[in-house]
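Here is the structure we will look at.
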Amino acid sequence: MMLKVVPRNTVPDNPDQPVPLDFSEAAAESPELRSGPLFGLDAGGLATVLKREGEPAWRGEQIAEAIYHQYITELSSITTLPLALRQKLEGEGWRIGRPEIAKVFQSADGTERYLVECAGAKPETVETVWMPEGDDGEAGDGSEEEQAGEGQPDAKTWRRATVCVSSQVGCAVNCQFCLTARLGLKRNLTAGEIAGQVVAVFDRHNVRVGRDRVNLVFMGMGEPFLNYNNFMAAVRLLVREVGLSPQRMTVSTSGIVPGIERFVQEPGEVRPKLAISLNAPNDEVRAEVMPINRKWPIAAVVDAVRPMRLRPHERITFEYVLLGGVTDRPEQARELARLVRRTGLPAKVNLIAWNPGPDFNYSTPKAETAEQFRYALAGEGIPAYIRQPRGRDIFAACGQLKRTLEA
Ligand code: SAH
Ligand code: SF4
């Protein structure tokens, strides 16, 4: 499906204008290339590169082990490869090319926000967030018993953590309450750039997959389902090469119906959990705060989700941003409850009090308003959780990611 791409860097004055979409088939990394980054290729792709060098396929496995498990970032440091081979690959222009953390902002609550350098054909920085102790709705209460030391990664003071990953530089979906929207879409990230954020953060915190409990949320900058192929290629890399479980990953979408339709068909072994940014109790309010609702209204989104075969105990998450006076009224909680019940999907609601940004006409509801909203949902039989903001002081919280250089 091809939709015309309308480049746009600012929020349009008229929220009624059609949402610019890029649902083109962006190419996932391919070893057809004769040189470039190795990070992003799976073991098969690496084997293809190595075979062209006249090397056995298992040399590809050695590189995969080095870059995805040992977090090695220089070809010259992969000592399992013969020196001559390392030099030959480098001479031909191959490099590991993993995204690197260029700047770190540390929050009082232990959260870290990173500017990650993606040195692709068009170098860009994106944002990635590390939240020790996690904030995955049910249990994440934002309380930290210890904090990271100044400028240093913590010496394993966390028991579990969540990494929030970006899928695009900027975003083309024009949600009226979100700072990322102000950037417009700069470009899609490649699979290596998406998975690379995770590996760079794992490297910083010495995460050992299998030992440590780390969740991923694809809730950073961008709309994952408008960069579908690269996003899913990144998930496959993270599952098959890095060794993470898709059941520890959640992807959030603003409701891109063609993307959801593809996603529900993905095989369970590489399908993350799904969160839908509902953010309003009906189409009228939703279209106001999320103009994309004019293209894909709530019913179309729900119809697209319905065929998804959930795992035992799996639920769909509906995210709901509480905007003071706009979406946080008690009767809207009851309307939302009816809506969620009508979907017939096993679901829970994550409530997110709006995180402020400059030049918005929205306000953050008081804690007791949010709690009343949650209570009203619970009273209607809808499980609801208030997500505690993480790293608001360093612009790391939901909707605040905009390559803000200040902390
Ligand atoms: N583009 C995807 C994923 C990234 S946004 C999506 O929209 O779902 C992750 C979540 O942050 C979404 O649920 C979005 O509604 C929410 N969000 C955006 N701006 C926010 C803000 N200023 N305060 C609180 N939540 C916000
Ligand atoms: Fe894009 Fe999500 Fe922000 Fe909407 S909330 S503008 S979809 S990043």
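FYI, it's all coordinate maths here, none of it is from the lab. For clarity, every value in this text was computed on a predicted model and none was experimentally measured. Glycine also receives a Cβ, built like all others from the backbone with ideal geometry; neighbour counts cover every protein chain displayed.
Across 10 Å bins from 0, what is the distribution of all Cα-Cα pair distances for the chain, in whole percents?
5, 23, 32, 25, 11, 3, 1, 0
Who wins for biggest fluctuation among R374, R34, R95 in a Gaussian network model of the chain, springs between alpha carbons below 10 Å?
Largest GNM mean-square fluctuation: R34.
Give, as a single signed number, the net charge of other residues whose beta carbon lies under 15 Å from the beta carbon of N282, with Lys and Arg counted +1 and Asp and Glu -1.
Here the charged neighbours net out to +1.
Do the sum for the chain: with -39,500 (n - 2.57) for every DSSP H run of n ≥ 4, divided by all residues, what is the mean residue ellipticity at 222 nm, to the nearest 500 deg cm²/dmol?
-7500 deg cm²/dmol
Across 5 Å bins from 0, what is the distribution of all Cα-Cα pair distances for segment 246-299, in whole percents?
Reading the bins upward from 0: 5, 19, 27, 19, 15, 10, 6, 0.
Using only Cα positions of segment 33-95, each an equal point scatterer, no hydration layer, compute I(q)/I(0) via Debye at q = 0.12, 0.18, 0.20 Å⁻¹ and quote the log10 values to two decimals.
-0.22, -0.53, -0.67
Pull up all non-local amide H partners of A347: gap of 5 or more, or a different chain, and H-to-H distance under 5 Å with H placed in the peptide plane.
Residues meeting the amide H criterion: I316.
Å³ per residue of the Cα convex hull, for segment 274-398?
Here the figure is 112 Å³ per residue.
Mind listing the long-range amide H neighbours of C398? Cut-off is under 5 Å, sequence gap 5 or more, other chains count too, H placed in the peptide plane at 1.01 Å from N.
Sorted by chain and number, the residues that satisfy this are R390.
Do any trypsin sites (Lys or Arg not before Pro) in segment 170-234 lie in a DSSP loop with no more than 15 other beta carbon atoms within 10 Å, and if so, which?
Loop-located and lightly packed - R208, R211.
Of K295/K348; K88/K402; K295/K402, which pairs sit farther than 28 Å apart, going by alpha carbon to alpha carbon?
Flagged as over cut-off: K88/K402.
Segment 278-347: Rg/Rh from Cα coordinates, Kirkwood Rh?
Looking at segment 278-347, the ratio lands at 0.98.
Quick test of the membrane-span-like rule: which DSSP H helices of the chain reach at least 15 Å along their long axis (C-alpha atoms) with mean Kyte hydropathy at least -0.5?
Those that pass (Cα extent of 15 Å or more, hydropathy at least -0.5) are 191-204, 228-240, 367-379.
Out of all DSSP beta bridges with both ends in the chain, state the antiparallel percent to the nearest 5.
40
Could you tell me the distance between the Cα centroids of segment 253-294 and segment 79-98, to the nearest Å?
Between the Cα centres of segment 253-294 and segment 79-98 lies a distance of 42 Å.
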